[in-house]
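Values in this text are rule-based calculations from the coordinates and carry no lab data. Keep in mind the model is a prediction, meaning the values are calculated, not measured. We place every Cβ from the backbone using ideal geometry, glycine too, and count neighbours over all the protein chains shown.
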Amino acid sequence: MYNWIVLLHVLSVMVFLMVHGVALAVAFQIRAEKNLERARGLLELSASMYASLYPALVLILLTGIVLAFMGNWWHQGWIWAALILFVLEVGAMSGIAQRDYLPLRRALGLRLVVNGRVQPAAGPSNDSEALALLERTRPALLAAIGGVGLVLIFWLMILKPF
């Protein structure tokens, strides 16, 4: 049973990374975008990925917790460090993404999801405001947080250093 849970854990990480890769590609592309219709399309593409992203994220967490019980690792420091790092990474990336992309979606006249509630699209604001918000996005910061955090979590899980 343990190996099946490991497989499910690894597969959920794969799904998460594939889906999140779309969001990351969009984040880098949209920063340089000057065509607001294309920006709208890119943001809608990114948003469409979240139907798979969040279930994969939850499955990563749940299978990781199950594996920690199966491996009797709760007394080891690496599991707590990995769990804390996971929560901090999700929180930091979500906070930065919401701060950057919710105002942008609003300015582009796209529907919003705030605190799990869908808010209808409002009319787009002026083009100069939307372009300024496009330029203020921080995809490199998101990529750095995600990449460094992922490497650290992999290091903790594989090497179990403490």
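Give me 50, 2, 101 sorted ascending by neighbouring Cβ count inside 10 Å, so fewest comes first.
2, 50, 101
If I compute Cα extents along the principal axes in Å from the structure I just sent, which labelled value in [x] 57, 25, 23; [y] 53, 41, 25; [z] 100, 40, 28 lines up?
Correct label is [x].
What order do you get for 151-161, 137-147 when each peptide is scored by the mean count of other beta carbon atoms within 10 Å, highest first?
Going by the mean number of other Cβ atoms within 10 Å, highest first, we get 137-147, 151-161.
Rounded to whole Å, give me the distance from the Cα center of segment 21-39 to that of segment 69-129.
Rounded to whole Å, the Cα centres lie 17 Å apart.
Which whole-Hz couplings ³J(HN,Hα) result when phi for each residue of segment 78-83 is put into the Karplus expression 6.51 cos²θ - 1.76 cosθ + 1.60, θ = phi - 60°, listed in order with x for Gly and Pro?
Each residue of segment 78-83 in turn: 4, 5, 5, 4, 5, 5 Hz.
Assuming 0.36 nm per residue, please report the length gained on full extension of the stretch residue 74 to residue 135 beyond their Cα-Cα distance.
17.6 nm
Calculate the dipole size of the chain relative to its Cα centre from +1 charges on Lys and Arg beta carbons and -1 charges on Asp and Glu beta carbons; express the result in debye to the nearest 20.
Charge dipole of the chain: 120 debye, to the nearest 20.
Given the rule -39500 (n - 2.57) for each run of at least 4 DSSP H residues, summed and divided by the residues of the chain, what is its mean residue ellipticity at 222 nm, to the nearest 500 deg cm²/dmol?
-26500 deg cm²/dmol
List the GluC sites (Glu not before Pro) in segment 58-162 that DSSP assigns to loop (not H, G, I, E or B) and whose Cβ has at most 16 other Cβ atoms within 10 Å. Which are they?
Hits after loop and neighbour filter: nothing returned.
Whose amide H sits under 5 Å from the amide H of residue 119, counting only residues 5 or more places off or on another chain, with H placed in the peptide plane?
Those qualifying (amide H under 5 Å, at least 5 residues apart or on another chain) are 112, 113, 114.
Counting C-alpha atoms alone, how compact is segment 50-89: give Rg to one decimal and Dmax as a whole number, in angstrom.
According to the Cα coordinates of segment 50-89, Rg and Dmax are 11.2, 35 Å.
Residue 101: net charge of surrounding residues, Cβ under 15 Å, Lys/Arg +1, Asp/Glu -1, itself excluded?
Combined, the nearby Lys, Arg, Asp and Glu give +3.
Of 104, 67, how do they rank once you tally other Cβ atoms within 10 Å and put the fewest first?
With the fewest neighbours first, 104, 67 line up as 67, 104.
Taking the chain as a Gaussian network, where each spring joins two C-alpha atoms under 10 Å apart, which residue of 114, 90, 58 fluctuates the most?
Fluctuation is largest for 114.
Positive end of the charge dipole of the chain (Lys, Arg +1 and Asp, Glu -1 on Cβ, about the Cα centre): tell me which of 126, 157, 94 has its Cα farthest that way.
Among 126, 157, 94, the one farthest towards the positive end of the dipole of the chain is 126.
Can you work out the Karplus-derived ³J(HN,Hα) for every residue in segment 41-49? Use 6.51 cos²θ - 1.76 cosθ + 1.60 with θ = phi - 60°, whole Hz, and x for glycine or proline.
In residue order, the calculated couplings are x, 5, 5, 5, 4, 4, 5, 5, 6 Hz.
Per residue of segment 86-103, in order, report the coupling 6.51 cos²θ - 1.76 cosθ + 1.60 (Karplus, θ = phi - 60°) as ³J(HN,Hα) in whole Hz, putting x for Gly and Pro.
My calculation for segment 86-103 gives 4, 5, 5, 5, 4, x, 5, 5, 5, x, 5, 5, 5, 5, 7, 9, 5, x Hz in order.
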